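Quick notes on the structure that follows.
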Amino acid sequence: MKMGAKKRFRFEELLIAAVVIASLATLAAPRIAMSQPSYKTNACQANIVLLNAKIDQYYRDTGHWPGSLDELVVEGYLPDGLPKCPYGETYLIGPEHYIAEHKH
């Protein structure tokens, strides 16, 4: 009889642990879902900062602004190619010779 009580007690512990884990998972799920858009926005902003720094470097080296972002790739300022916007947008050089931040 003691054996049965011992097994039941372990099952109850396991059941309580499963309920606690499930409760924590339901609390964490919305935070995980909300973090994905901010990750994409941060990646996009980091790409814009990188591109603007490379445009500055190109201007300091050559004395003129690049005509396009492809020029930075051809001239070796972006050896890995143009970074891609995580939202699928295209980065463009604006009238002030820099990449403008765009809304998603």
Unique residue being touching a Pro at 6+ places or on another chain (Cβ under 7 Å) and within 17 Å of His97 (Cα to Cα) when the list is Ile48, Ile55: Ile55
Among the residues of segment 35-45, are any assigned to a helix (DSSP H, G or I), more than 17 Å from Gly88 (Cα to Cα) and without any contact (Cβ under 8 Å) to a residue 24 or more places away in the chain? yes
Looking at Asp80, Asp56 in this structure, which one is among the acidic types (Asp, Glu) and in a helix (DSSP H, G or I)? Asp56
Can you tell me which of (1) surrounded by 11 or more Cβ atoms within 10 Å (Cβ to Cβ); (2) part of a loop (DSSP other than H, G, I, E, B) is the one Pro95 doesn't meet? (1)
For Pro66, which of the numbered conditions (1) surrounded by 11 or more Cβ atoms within 10 Å (Cβ to Cβ); (2) within 28 Å of Pro37 (Cα to Cα); (3) not hydroxyl-bearing (Ser, Thr, Tyr) fails to hold? (2)
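Only the coordinates and a few stated rules stand behind these numbers; no lab work does. Note that the structure is a prediction, hence the values are computed from the model and not measured. All Cβ positions, glycine included, derive from the backbone under ideal geometry; neighbour counts span all protein chains shown.
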